[in-house]
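The values are calculated or read from the model by the stated rules, or taken from the named source; none is laboratory data. These numbers come from a predicted model, not from an experiment. Counting neighbours? That spans all protein chains shown, and the Cβs are built from the backbone with ideal geometry, glycine included. Quick note on the areas: whole protein, heavy atoms, side chains included, nothing else; ligands and nucleic acids left out. Shrake-Rupley method; radii C 1.70, N 1.55, O 1.52, S 1.80 Å.
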Amino acid sequence: MDKLPSERGHFYGPPPALLHETDPNALVETMLAAGDVGLTEMGANQVVIVRSEACKDRLPVELRAGLSLTVEESKGLEFDDVCVYNFVSESPAGRDSAGRELWLVLSGAVEFDKHRHLLLEEELKALYVALTRARKRCFIFDRDVEARTPLFETLAARGVAEKGAEQQLSVRATAASRSTDRDWQLRGENLYANKLFAHAEKCFLKGHARSRALEAGHHRLLNEGASLQGQERAACYRMAAMALILHAKGHPSASEQSASAERAAKIFCAAGRHAKEGNRGSHYRDAGRVLREALGRPRAAAACFVMAACDAPSQPHAWDAALEALLEGVSDHAGDEVLEALQWLEQNASRASSSKKDKHREDLVMHITRVRDSFEAELCEMGV
């Protein structure tokens, strides 16, 4: 196993507490008691660290109300109080091929083998990360007595953890204060900087920072959408764009409002690309409205409106917004091809509904595609 120098902190504090409880409800009582040991609340400076994302769903509801992070998410972060929850029983380092608990290596009951016990080494490194997130107090809870015993006995024997929580009595400052809105906002900024957007969104909401919560939420939705396909991805992206627009409306900075509006337009366009045919128009229309009304960019808006119209070429009303934006955005230096297409649109779009001939629809698509291609540069400039 890796050899590390002895850990040295800047300040003396109590060692991690090895809790004897096996019932999660008893853990809640210990953690949230109003006495000297209890934390009173799961606030902005408290966290529960679990081994995997799935473990979060098995936390007691009282602990889920605060922050719960996986070991990987917690890297680089610090909290006053940390509860390491079911690390051993939820660890992938369970039993070896002979059915023996890998954690028995710690007590010497099973001989260490550098080849067979690679996973155990990784788990110990992860445990080190979890334990060193605490600035003041660290509680270690595991519901499985048999599984946890080798680890608990080893940590206690080496003097790096204590059985029970007696020494936690020396740390009273945390229990004496509740998290303020400012505490939650600062924690949200900390998590946002580490790209933990779902957790940042939660903290901003608890800190009543609505605009920042919407901004973090839009990132969360984009991340969720990236793992989906087709209509589900488009729906997620659409919600992300709408969250960003609401963020822009609540932000005092004009430059931030413009930047957020442009990003929202890009996300609406991305939603349009992933939506199925026949459902793309609404996404492109919303992008066009943002570009035209919020940013004053009619040419870019026209490109989006044309994309929306192309999704429903037989519906004349679909061309109205495109035609208006095209006429507003065209310059004296526009190419003859664009002007020709504009004239064709003006003459023919209004009567598209009365014609059900396939040939007319084909011509409509052909001409409108020429206009769309003429404005393709606008979309390229936006990066969509």
Residues in the stretch 194-211 that are crowded, with 19+ Cβ neighbours inside 10 Å, touching a Leu at 6+ places or on another chain (Cβ under 9 Å) and part of a helix (DSSP H, G or I) total 7
Considering only the stretch 265-296, state which residues are out of contact with any helix residue (DSSP H, G or I) (no Cβ under 7 Å at 6 or more places or on another chain) and surrounded by 22 or more Cβ atoms within 10 Å (Cβ to Cβ). none
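Do we have A134 as open to solvent by 40 Å² or more (accessible area, probe 1.4 Å) and modelled with pLDDT under 95 here?
Working: open to solvent by 40 Å² or more (accessible area, probe 1.4 Å): no; modelled with pLDDT under 95: yes.
No; evaluated as a whole, the condition is false for this residue.
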Enumeration of residues in the stretch 57-73 that are farther than 15 Å from L196 by Cα and either touching a Ser or Thr at 6+ places or on another chain (Cβ under 7 Å) or open to solvent by 20 Å² or more (accessible area, probe 1.4 Å) (or both): D57, R58, L59, V61, E62, R64, A65
Which condition from (1) farther than 30 Å from S74 by Cα; (2) without any contact (Cβ under 8 Å) to a residue 12 or more places away in the chain is the one that D286 breaks? (2)
Of (1) without any contact (Cβ under 8 Å) to a residue 60 or more places away in the chain; (2) more than 24 Å from C304 (Cα to Cα); (3) in contact with a Lys or Arg (Cβ under 7 Å, 6 or more places away or on another chain), L244 satisfies all except one. Which? (2)
For the stretch 81-101, indicate whether the set of residues that are buried (at least 19 other Cβ atoms within 10 Å of the Cβ), small (G, A, S), at pLDDT 85 or above and within 25 Å of A200 (Cα to Cα) is non-empty. no
Return the total of residues in the stretch 236-264 being in contact with a Ser or Thr (Cβ under 6 Å, 6 or more places away or on another chain), buried (at least 20 other Cβ atoms within 10 Å of the Cβ) and of a type outside the set (G, A, S). 2
